[in-house]
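The values are calculated or read from the model by the stated rules, or taken from the named source; none is laboratory data. It should be emphasised that the depicted structure is a prediction, and the values quoted were computed from it without experimental measurement. Positions of Cβ are backbone-derived with ideal geometry, glycine not excepted, and every protein chain shown enters the neighbour counts. Keep in mind that these areas ignore ligands, DNA and RNA; they rest on the heavy atoms of the full protein, side chains included. Shrake-Rupley method; radii C 1.70, N 1.55, O 1.52, S 1.80 Å.
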Number of protein chains: 2
Amino acid sequence: MILRYDFGHPYDTGALVEQLPVSDGPVPHFTVSRKDAQVSFSVPLGEEDMIFGLGQAVRGLNKRGHRYRAWNSDDFSHTEDKASLYGSHNLLLFTGRDGVWGAYFDDPGAVTFDLGYTRSDEAVITSENGDLSVYIIEGDSLTDLVKQFRRVIGKPYLPPKWGMGYIQSRWGYVTADDLREVVRGHREKHIPLDTVSMDIDYMDDFRDFTWDAKKFPDLKAFTDELRADHIRVMPIMDAGVKLHPGDSTFDAGMEKGYFCKKADGETFVGAVWPGKAVFPDFLREEVRQWFGDCYRPMLEAGVEAIWNDMNEPAIFYSVEGLQAAYDKADSLRGGNIGVYDYFDLKDAFTGMSNSMADYRRFYHIIGGKPVNHEKVHNLYGAMMTKATAQGMKAVRPGKRPLLFSRSSFIGAHRDGGIWQGDNFAWWSHILLNLKELASLNMVGFLFNGADLGGFGANTTEDLVLRWLQLGVFTPIMRNHAAMGTRDQEVYRFRNWETMRDVLGVRYALLLYLYSELVKAAETDGMMFRPLAFDYADDEVACRTEDQLMLGDAAMIAPVYEQNARGRHVYLPEDMLLVRFRSAEDYDLVPMEKGHHWVTLQMSEFPLFIRRGHVIPMAKAAEYVAGVDASRLTLLGWIESDTAITLYDDDGESDTIDLAAGLTEITVTVKDGQATAEAEGKTLDATRIVIG
Amino acid sequence: MILRYDFGHPYDTGALVEQLPVSDGPVPHFTVSRKDAQVSFSVPLGEEDMIFGLGQAVRGLNKRGHRYRAWNSDDFSHTEDKASLYGSHNLLLFTGRDGVWGAYFDDPGAVTFDLGYTRSDEAVITSENGDLSVYIIEGDSLTDLVKQFRRVIGKPYLPPKWGMGYIQSRWGYVTADDLREVVRGHREKHIPLDTVSMDIDYMDDFRDFTWDAKKFPDLKAFTDELRADHIRVMPIMDAGVKLHPGDSTFDAGMEKGYFCKKADGETFVGAVWPGKAVFPDFLREEVRQWFGDCYRPMLEAGVEAIWNDMNEPAIFYSVEGLQAAYDKADSLRGGNIGVYDYFDLKDAFTGMSNSMADYRRFYHIIGGKPVNHEKVHNLYGAMMTKATAQGMKAVRPGKRPLLFSRSSFIGAHRDGGIWQGDNFAWWSHILLNLKELASLNMVGFLFNGADLGGFGANTTEDLVLRWLQLGVFTPIMRNHAAMGTRDQEVYRFRNWETMRDVLGVRYALLLYLYSELVKAAETDGMMFRPLAFDYADDEVACRTEDQLMLGDAAMIAPVYEQNARGRHVYLPEDMLLVRFRSAEDYDLVPMEKGHHWVTLQMSEFPLFIRRGHVIPMAKAAEYVAGVDASRLTLLGWIESDTAITLYDDDGESDTIDLAAGLTEITVTVKDGQATAEAEGKTLDATRIVIG
C-alpha cells in the first residue's frame, strides 16, 4: 500500500506513472515539523534499525550514519564525506524490529537525509523548499516495498542486447583512426568488444551535435565500417550549448527562446567545456522535442548509442561568478594574505564551480511561469535524458536505443540507464560500484555500471583486472578513463590474455544476465539485491556490504583489495562456488552455508549459485550477436529435479512480451546424473554437481 | 648484514647512527641505470613477491602495485592515489620465493618508488638527484631485516609514560577557559584524560612562541592548575616564523641570518598561517640550538609537551607564486575562458601551495655552502624535531619530553614521535591508521597514532567509538579535529559512557602497552607487526591487511566498517578472544587457528591473545599516574606453565635500563587452575582459561 501526502505546492516531477490520491491526516511513521519554507520528517531509530535506498550515493548499502543531500552534483571525488553525487533518488527503506516500511520524497529541489547522523537514534528528512509529495510505502518485506514502489514509477528502460556487450571508452579518443586502433586492438587479439565510445573530443570546438570533419570525414561510412565488424559508436553529448553565433544549435535555440533565462529576461550564460555556454530548458516539452531532434543527423549517419553528460547541469563558472572571483582577488592584491584570506582566495576560484549562487541565477518555464532553477534542479538531467530518448526513438521507431546519462532523477529510469559517474582508479571504488549496483536497482535504474578501471587517477593492471571481474556482472560494462591518465585498454596490458578470458565469461553469461535484467525490469524486481532483501532473518546476511544477490539463482562477491589472493565470503545458504578463470576453465566447489575463506588468485573470480538452482552458460564470443544461444552448458549443485526459466528475444524491439520470450529449461536427476532439456537448445548438464 | 653503496655525493642525513664502510662492486639484487642526474635501481618481481616498508604511506601493508614518491607533503586528503604524505621513510623489504632482503635509500631529496606500477613484474626506485647511499640488508626473515636496520638507525624516542595517556585536542580551542571546559567535561564524567592539546589559536596572530595574553593571562598558573588535576598542556608549533618586525623570534632570526635565503641572498618569504613568513634553516646546528631555546619560556611556564606542525615545510604560497597566479588571472581577464584555460586558472590558485617552484627558490647552508632546498627537502621536518627535542631536554634534563611532529625522515625517530597527519573522518582511515602503525614501526617511529575520530570532515558518534576502539592500542591516543567540523569530544556524545569504558581499557592495558613499546624500542623490535612477519609460511597470514600482531602475546583486529556488528578475523594460530566492553566487562572465547566471524556489537572490540601467553591488565584509571601497577589481572589461554616479562620504570627518566625494569610474572597451572606470582604485585589469575 502506498499513501500520498502533499506539502506546499508539489511540482509534477514525472517520477510516478500512476496518479495516487492525496491522503488526509497525519503522515504515518514521521513527525512533521516546519521551519520557514522547510518541512522536516523525523522518525526515531532503534539500535538495530537499518535504512536502505538513496540510489546513487557514497557509503554503505545500509545508509544509516551519514547526512546525504539530494542535489545533483558534478563531483568526481566520491569520498566517504560526500553528501551528493550526480543523481537524486529519494527513496528510503526502513527495516527493523517493528517491520519494514518505505518513504519516497518526490521533490525536485534539495532534500537533506540526516540518517542517524546528528543523533544516532533519529532520522530527519528535510525538504528545503517544502513543496513535495511524500509517499509512504507499507509492505511485508524489503522486496515487497521495492515492488510496490517500482510499480508506481513505471517499467525501467531496457537497452538493446548488444548494449550489454563490452564498451571501450576514453576521454582522449579524438579521431576515427583513434577508434579504429581501439577496434583493431581488440579484434586482433580476440578480445570481446561491442561498442567504442568517445568523450567530447570528436566535436568541433566542443559544440553539441557537431562532428569535426577533420576527425571524422565521413561519419556514415565510418559507422558502416565499424558495424560490419559488429561494433557500434557511442558519442557523448553535453547539456550546455556553446554560446557561438553561427552555430546552428545555438542560433535555433536563441531564436526560439529555448535556453534558460535570468530574472531580467537575458539568457543565462555559464561556462562548461567550450567556455561560455547556454542551457536548454529541458523542463519544457517543446525544448525536449527540439533538442531530441538535434540528434537526428548523427543517428541517421549510423550512430545508435548516446551518453549524456554534464547535465546536473555542471557549470564551471558563470560570468557573474567569475567576476566575483576576480573581485576577491583584486581586493586582496598587494596585501599580506593570511590564512583566512588565503582560503577565501582559493575558494573564490574553486568554489565558483557548480555554485548555489549560479543555480539561483536562472529560471525554467513551467506551466508558462518562470520557476527558479533551485526549486527544480534535480530534474534537469532527467529531462535531458527524456529529450534524447525521444529523439532516438523517432529515428529508429520500435527499437531500443542505447542511452545512458550522468545526472538523473527517478522517472529517467524509464528513458535510459545511468553510469556511476566520474569515479577514480581506487580499489575502494570497486566496492562502491557494487553497492550502487543494488541501490540503483531499488529505484529502477537497472541498467547501470561504473567506469571499470577507474576514470580519474592512474590505474594499474591488477586494478583493471579485478574491476573487470566485477564488471562481468554489471549491466553496463564500460572501461572508461580521463584524459591524462594512463592508458587502460585491455589489449595494452601484459596480462591481456587473462583480461580477455574475464571478458569471455561476460559473453558466456550474457544470456543469463540479459534474462535477469529483462525479468527484473518487467516484474518490478531487482536484478541485484543486498543479502538483507533475501535473508531478512539472518543477522550476518543483513549487514553484509560486499556481496550481492544476482537474479534468482546467484550471488556475487568480488575481490576489491589490492594484492589479495582471496576473500572472506558469507554464504547465507548452501551454494556452489564457480571459480572462473575463463568461460571454459573453472572450478565447481560445493560450499555449505556459513563463513568461508575463498582463495582467488589474480586470474580467478567467483560466482556463487544457490543450491538447487542452475545457471546456463554459452560459449565465449567476441560480440553479443556472436553468442550462440542454442548451445548451453548448465552449472549448478542440485539434489533433485529443478528448472530455470530463461528470457530471450530479438534484443532490440521496444515492446517486450515477457511470456512469449520465456523458455523453461528442465533438469532431471536420475542415478546421480543430470540431464536437461529445453526447446531449441542443446544442453550440456555434465557440469551440474549432484548431491 | 648491511652493505652500503654510494652514488654521487650523498648528504649526511643523520638517518644512521653507525657509519658503514662503502662497498665496491655491483649493488646486489638491483640493476642500476642512470639518466641525467637520476639513478634508478630496478629489480624483477616474482608473481607472489611482496614488498613491505615506506613507513607513512597510503594503501596496503604490502606496498606492491603503486608508485610512491618520497617528498614530504602537506596533503590532508589521504586517498589511494596519493604518492606522498608528510614523511619520507625510504625502507623497502622484499619477500618472496627467493627469500627476504631489504634496501634503504638514504636520500633527502625526491625518490620515486615504482613498485609493480608501470610494469607489474618490476620494481624501479629512482633517486631524482642521484646523490645517495643505498643500504642493502640481507637477513633470514622480515623481522631480522628490521632488527638489523633499526640497529644502525639507533634507538627510537620514547615518550614519558603519561604521554601514552589520552589526549584531547582540537583546532578551535582558543583560550584557557576552552581547555578548562574540556578538562571539566572529562573529569566530571570520569572519562580518562592526561593531556589537552591546542592548535594555532593560542598564539598571538599565529606568531611562533607567543601566547596571546588575553587568551592565557598567566600560563604558569594555568599549567599548575591543570597539573594538579593530572593534566598536561600540549601546544602546537609551526615551522614558519611570521614576517613581523618587532616579533622577537623574527628579529633575532633575521639578525643572525638564520632564515632560509634565495639565490640572490634575500630571505625567502612564503606564506603560512600568519600570511608572510620566513623559514628557519633547521639544517644548521646553530639554528636548531637557537630555535630549540625559543621554547624555553613556555617550558619554564610548565608546558611539558609540544607538537610540531607545518614542517614539510608547508607553504601556502610564495610572493612569487602568488604573483604568477595573479598574472595568470590577469592574462585571462575578459576573454572566453574555455576548459583548458579554466583548469589553468584554478590550478594557478590551488597549485601555488607547496609548489616545486617555491621549493626550488630557497637554500640551506650545509658545510658553509648553499644547497638548494629541493635537494634536501625531506630533512626539514626532522631537523625541526631535533631542534625541539634539544630545547626540551635542555629545560628538563634527564627527562623524556612529550614530542611529536607531522613531517619526518628516518633519524627523527630518535627525537620524537609522529602523528599520522591530517586525516579525515572516514571509516577507511581507521584501516589506514592500522596499516601505518605497523609500517612506521619498521622504520623506528614506534610512538605514533592517528587523529582519532578524524581531523577533516564531520565525524559521527559511531565512527568516534569504533576509532577509539583501535586507539586503545596505539601509542599516541589523541582525539583531534579541524576547525569548522563537528565537535567530537567524548563527553559530548549520547553514548559517552560506552566511550569512557573504551578509554578505561586503554588505561587498564597501559602497563602492557608501555612495556611492549619500551621493549620494542630497546631491542630493535616492532611493537606492531604485519602477520607476514610472524607467520611467513602462512599464505593467508602474509596477505592479511587488516590485523596486526601487538607485542609478543597479542593480535588486534579492529572493526572499520560503519554499521557492522562483527568482522572476519583470521587466526594464524589458536588464540583467546577477549571481547571487551570495558576493563571489567569482557568475554573470553578460546578460538582455534583459522577463519572466524567474530560478532562485535557497537560497544565491543576484540583483543586476541596467543594461546600459551598471558597479558596483564590493571584496573581502569582516569590518568596514567592513577594506574595501579601492583594489582594485576592476567588474561590468557594456556595449557601449562608460562611466563610474561613486564617492563616498567618511573615513566620519565631518559636513560632506560631495560634489564633493571623487567619483572617476570610466572604462571603455574595445577589441577586445572592457574596461579601467578611476581615480586611486588598482587596477581589475579582467575581469568586465565586452562585447556
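Some notes on this structure:
- Within the shell of other residues whose beta carbon sits under 15 angstrom from the beta carbon of B:His190, the net charge comes to -2, with Lys and Arg scored +1 and Asp and Glu -1.
- Counting only Cα atoms, chain B measures 84, 64, 54 Å along its principal axes, largest extent leading.
- For B:Ala554, the residues 5 or more places off, or on other chains, whose built amide H falls under 5 Å of its own are B:Arg610.
- Axis of helix B:339-350 versus longest Cα principal axis of chain B: the two differ by about 70°, to the nearest ten degrees.
- Protein heavy-atom surface of chain A, 1.4 angstrom probe: 48% of the accessible area is carbon and sulfur, with nucleic acids and ligands not counted.
- Copy-to-copy label separations for A:Thr175, where each label sits 7 Å from Cα toward Cβ, in nm and ascending: 7.0
- Using a probe of 1.4 angstrom and keeping all protein chains present, the accessible surface of the stretch B:126-232 works out to 32 square angstrom per residue.
- Residue by residue along A:341-354, Cβ atoms of other protein chains within 10 Å of the local Cβ number 3 on average.
- Added length on full extension, which subtracts the Cα-Cα distance from 0.36 nm per residue, A:Lys189 to A:Gln38: 48.5 nm
- Shielding of peptide A:450-463 by partners, expressed as the average count of other chain Cβ atoms within 10 Å per residue Cβ, is 3.
- A simple spin-label model places pseudo-atoms 7 Å from Cα toward Cβ; at B:Arg396 and B:Asp538 they are separated by 4.1 nm.
- Among the trypsin sites (Lys or Arg not before Pro) within the stretch B:457-518, those in coil by DSSP and having at most 11 neighbouring Cβ atoms inside 10 Å are B:Arg494.
- Between B:Asp218 and B:Arg151, full extension at 0.36 nm per residue minus the direct alpha carbon distance yields a gain of 19.7 nm.
- Between B and A, accessible area buried - total, square angstrom, nearest 100, 1.4 angstrom probe: 5900
- Solvent exposure of the stretch B:514-690 amounts to 38 Å² per residue of accessible area, where only protein heavy atoms count and the probe is 1.4 Å.
- Scalar couplings 3J(HN,Hα) for the stretch A:542-548, obtained by applying the Karplus form with A = 6.51, B = -1.76, C = 1.60 to θ = phi - 60°, are 4, 9, 7, 10, 10, 9, 9 Hz; x denotes Gly and Pro.
- Per residue solvent-accessible surface (Å²) - the stretch B:286-364, probe of 1.4 Å: 34
- Candidate lysines - alpha carbon under 28 Å from A:Lys155, same-chain residues fewer than 8 apart omitted: A:Lys63, A:Lys147, A:Lys375, A:Lys386, A:Lys393, A:Lys399, A:Lys435, A:Lys519
- Label-to-label distances for B:Val17 across copies, nearest first, come out at 7.6 nm, using points 7 Å from Cα in the beta-carbon direction.
- Cleavage-rule hits (GluC sites (Glu not before Pro)) in the stretch A:5-105: DSSP loop, at most 10 neighbouring Cβ within 10 angstrom: A:Glu18, A:Glu47
- Helix A:176-188 and the long axis of chain A differ in direction by around 10°, with both axes built from C-alpha atoms.
- The residues neighbouring B:Val278, those whose beta-carbon lies less than 14 Å from its own, together hold a net charge of -1 under the Lys/Arg +1, Asp/Glu -1 convention.
- Cβ-defined net charge surrounding B:Gly651, 13 Å radius [Lys, Arg +1; Asp, Glu -1]: -3
- Distant-in-sequence amide contacts of A:Arg170, defined by a placed amide H-H separation under 5 Å and a gap of 5 or more residues or a different chain, comprise A:Ser197, A:Asp199, A:Ala481.
- With Cα atoms, 0 to 90° folded angle of helix B:285-294 axis to chain B main axis: 70
- Rounded to the nearest 500, the 222 nm mean residue ellipticity of chain A from helices alone is -7500 deg cm²/dmol, with -39,500 (n - 2.57) taken per DSSP H run of at least 4 residues.
- Cβ-vector label at 7 Å, A:Gly257, separations to other copies in nm: 7.6
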